[in-house]
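One structure is given below, encoded as structure tokens.
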Amino acid sequence: MTHDHDLVLRPTAAQTEAALNPPPGRNGGDLVVETLAGLGATTVFGLPGQHALGMFDALRRSDLCYIGLRVENNAGFAADAYGRITGEAAPLLLSTGPGALTSLAALQEARAASAPVLAISSQVPTAGLGGGRHGYLHELPDQAASFRGVVKSVHTVRTQSQIPSAIAEAWTSALTVPHGPVWVEIPQDVLLAETAVPVVTGGDTFPEELPPRPELTAVAADLLARAERPAIIAGGGVVRADASKKLRQLAERLQAPVVTTFGGKGAFPWTHPLSLQSWLEDRHTTDFLEDADVLLVVGSGLGELSSNYHTFRPRGRVIQIEADLGKLESNHPALGIHADARLALQALLETVGERTDPGAPERVRAVLDKVRERIASQELTLEQDVLAAVRRALPPGAPSFWDMTILAYWAWSAFDAEAPNAMHSAQGAGGLGYGFPAALGAAVADPTHPVLAVSGDGGALYSIAELATARQYDLNVTWLIVDDGGYGILREYMTDAFGQPTATELTRPDYVALAESFGVPGVRTSPKTLEADLAKALAAPGPSVVVLPAVLRMFAPTHLD
């Protein structure tokens, strides 16, 4: 009798030949790149450093495509976007100490947004592990400790034979829902030493699925079928799980209005009769959701931005589907279903009955009318015109990446992403500098579409060096920089809170001249010419910069009322 656990994979003749007669000159770095290739990686991002040279030398002997950025944090943002666009684990190669630590903000964003990033860092020589304090360059008492609170898992390698298994284990962790960044560190001497370990020729991993418990989906289906006023909040988990079609099927079957979180942009069609769009920072939307007798929350922890800054107080039953166990019922009591959004929505579709509610679209229209009236009363025509111009200029299917800037905050609520996984921002962790390097990673992932990056002048200075990267690899990214001479949103916050701003004003360069100094075409535009200038830049191959001098304002918040 043969049991499943008795089955083994037999090596092919080519694999046997490679194992018995490995090419000369291989080192620990070759084991890294061979393992990545065996797992299916085709592209890696990163920045070399003294301790990591063994990995980077091995790239020369591999078929992996290397995209080198100028700052480790930007390399992390690029890998984050590559992971979001492809759904694959994006390798990020870094050096020890300062190089590794510089990536922390990007890895925090990847963790918050569930973007699969496989960060592989060098370490000081093996003798320095465990806090030996030998005084090596870049030495930290415990480098891994800096990452444990940021990434999903940490893997420290001490010998060459551990490299394939450690990387495969990390790869599995990154792609097990909820997706996220992982950390592998390998000492310098392990990477540099000649290796007798056979060529790595395989590496299939099988990330674990996270199906819902059937007794929970049965209760959820019954609650939804009997609801009088059901509603749905769709978060980033729907996008990451590629579950948008299933969400639409369920919403239409239940006739349940749907609002998407800022991380869930595009999870539900913007112009659908049941779409409440993304106006979560509006009291009219908050009131509507509070009035639902059954509220289905899919792929969201109902955090600060998704709950109108924690002013949301549901009065009905809440059903929460969430792959991140720590977010389950973290803000509101609920029927908590720990599951991947796609599998849970499929289970509901198999069990929930049809529900009729001809008045649902009219209630949705009434809410959106109230939202429009509130915004219209604030004399924000410039801001709405600028955002509309960006939407019209952006070709269908082209993704956009937004930094933490006032126009992005408008986009969270008012921008039609037009498709799932098409609009991305740094709203997960909220750090500056995300937009442009992330757009570069997306352009590497899918060169068939132009990519738009949007930054303020403050955020632009975080990643201005990557104009060199865009030019070096001729990446098809158009960078819109809204130049208001400072940290615009902080200027507003401080003025509102204290009567005047402090430390928000910036002396900034001539961004057009600066872009041209990198060999990147630049143009200064105006609100009236923005659509035409942006469309022209997006239609041209290669990188470009469009600078819009404008002081934009935010719409008034409702959570302070």
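With respect to the numbered conditions (1) touching a His at 6+ places or on another chain (Cβ under 8 Å); (2) among the β-branched types (Val, Ile, Thr); (3) more than 30 Å from Met554 (Cα to Cα), which one is the sole condition not fulfilled by Ile319?
For Ile319, the exception is condition (1).
Across region 214-242, which residue is most open to solvent (accessible area, probe 1.4 Å) among those that are over 17 Å from His424 (Cβ atoms) and outside any helix (DSSP H, G or I)?
Here the answer is Glu228.
Out of (1) assigned to a helix (DSSP H, G or I); (2) modelled with pLDDT of 95 or more, the odd one out for Ala127 is which?
So Ala127 meets the others, but not (2).
Return a yes/no flag: does region 262-271 have any residue that is open to solvent by 10 Å² or more (accessible area, probe 1.4 Å) and among the charged types (D, E, K, R).
Checked against the condition, which is being open to solvent by 10 Å² or more (accessible area, probe 1.4 Å) and among the charged types (D, E, K, R), region 262-271 yields no hits at all.
Could you identify the single residue in Val294, Val298 that is touching a Gly at 6+ places or on another chain (Cβ under 7 Å), surrounded by 20 or more Cβ atoms within 10 Å (Cβ to Cβ), modelled with pLDDT of 95 or more and within 28 Å of Ala174 (Cα to Cα)?
Among Val294, Val298, only Val298 is touching a Gly at 6+ places or on another chain (Cβ under 7 Å), surrounded by 20 or more Cβ atoms within 10 Å (Cβ to Cβ), modelled with pLDDT of 95 or more and within 28 Å of Ala174 (Cα to Cα).
Restricting attention to region 81-101, and to residues there that are assigned to a helix (DSSP H, G or I) and touching a Gly at 6+ places or on another chain (Cβ under 7 Å), which single residue is surrounded by the fewest Cβ atoms within 10 Å (Cβ to Cβ)?
Filtering region 81-101 for residues that are assigned to a helix (DSSP H, G or I) and touching a Gly at 6+ places or on another chain (Cβ under 7 Å), the one surrounded by the fewest Cβ atoms within 10 Å (Cβ to Cβ) comes out as Gly99.
Scan region 430-452 residue by residue and report those that are open to solvent by less than 40 Å² (accessible area, probe 1.4 Å) and either more than 14 Å from the chain's Cα centre (by Cα) or polar (S, T, N, Q) (or both). Write out each step before concluding.
Narrowing region 430-452 to residues open to solvent by less than 40 Å² (accessible area, probe 1.4 Å): 430-431, 433-445, 450-452.
Hits for region 430-452 are Ala443, Val444, Pro450, Val451, Leu452.
Take the residues in region 162-194 that are in a loop (DSSP other than H, G, I, E, B) and open to solvent by 10 Å² or more (accessible area, probe 1.4 Å), then tell me which one is nearest to Glu109 (Cα to Cα).
His179
Can you tell me how many residues within region 25-42 are surrounded by fewer than 24 Cβ atoms within 10 Å (Cβ to Cβ) and touching a Leu at 6+ places or on another chain (Cβ under 7 Å)?
Going through region 25-42 one residue at a time, the tally reaches 4.
Would it be correct to say that Glu492 is farther than 20 Å from Val546 by Cβ and free of Cβ contacts under 8 Å to residues at least 60 places away in the same chain?
Answer is no for this residue.
Can you say whether His338 is under 29 Å from Ala110 (Cβ atoms) and open to solvent by 60 Å² or more (accessible area, probe 1.4 Å), as far as the supplied structure shows?
So His338 passes the test.
Being in a helix (DSSP H, G or I) and open to solvent by 10 Å² or more (accessible area, probe 1.4 Å) is the filter here, so list the residues in region 413-429 that pass it.
Residue satisfying the conditions is Ala414 alone.
The values are calculated or read from the model by the stated rules, or taken from the named source; none is laboratory data. Here the structure is a predicted model, which means the values were calculated and not measured. Neighbour counts are summed over all protein chains in view; Cβ atoms, including those assigned to glycine, are modelled from backbone coordinates with ideal geometry. Surface areas here come from the heavy atoms of the whole protein model, side chains and all, with no ligands, DNA or RNA. Shrake-Rupley method; radii C 1.70, N 1.55, O 1.52, S 1.80 Å.
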